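Have a look at the structure below before the remarks.
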């Protein structure tokens, strides 16, 4: 894997000033933090840098083989996304819990009962918290407890798997809704932590196996 000039500069800054925040890295380069998002995600996902919450970036010095990197990270989200489980916003909390376990999923995507528009998301934690704190889960709709748009991080199918991994880690979410296009509310799939882990393990194993041949 050939690093860009900017990525090499980032590594130099981190090695010199670690631990250092993304904001301070961007400041030294005269750029904004969002501009460096892909560079920082690449360097952390490959193990060259390590991102520690409330501490900053540190240099780990690990490297990854180019073939393995291409296999793991440069594929598109569309290649690993899975169908989401949809429920209506009028669905009761108790029925949502049943749907969650029947489909063995970690999240439910909530749509408007008339327009079919994606309006919210429910995680296992949301439903567990609601079942403990709410005495009337059979009569309370999920619209009362769901995380609503636009407060949900989404991704498009043509973005890279490395970008999905970055968002899941840094936004501390269990899954990302895959929307048809930027600013769209039409969900066509999802990417979860477990799906990413399965992809990384199976792809890495295949690369290692081919090296032995």
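The values are calculated or read from the model by the stated rules, or taken from the named source; none is laboratory data. Quick caveat, the model's predicted, so the values are computed rather than measured. Cβ sites come from the backbone with ideal geometry, for glycine too, and all protein chains shown count toward neighbours.
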Q: Among the residues of region 73-93, write down those that are surrounded by fewer than 15 Cβ atoms within 10 Å (Cβ to Cβ) and over 27 Å from residue 159 (Cβ atoms).
A: 90
Q: Considering only region 162-173, state which residues are under 20 Å from residue 125 (Cβ atoms) and either surrounded by fewer than 17 Cβ atoms within 10 Å (Cβ to Cβ) or over 8 Å from the mean Cα position of the chain (by Cα) (or both).
A: 169, 170, 171, 172
Q: Check region 48-57 and report whether any residue there is modelled with pLDDT of 90 or more, exposed (fewer than 14 other Cβ atoms within 10 Å of the Cβ) and at positive phi.
A: no
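Taking region 22-35 only, how many residues are in contact with a helix residue (DSSP H, G or I) (Cβ under 9 Å, 6 or more places away or on another chain) and either without any contact (Cβ under 8 Å) to a residue 12 or more places away in the chain or loosely packed, with under 14 Cβ neighbours inside 10 Å (or both)?
Just the residues of region 22-35 that are in contact with a helix residue (DSSP H, G or I) (Cβ under 9 Å, 6 or more places away or on another chain), to begin with: 22, 24-26, 28-29, 31-35.
Then keep just the ones that are either without any contact (Cβ under 8 Å) to a residue 12 or more places away in the chain or loosely packed, with under 14 Cβ neighbours inside 10 Å (or both); that gives 26, 31-35.
Residues that pass the stated criteria total 6.
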Q) Out of the residues in region 96-118 that are exposed (fewer than 15 other Cβ atoms within 10 Å of the Cβ) and not in a loop (DSSP other than H, G, I, E, B), which is nearest to the chain's Cα centre (by Cα)? A) 101
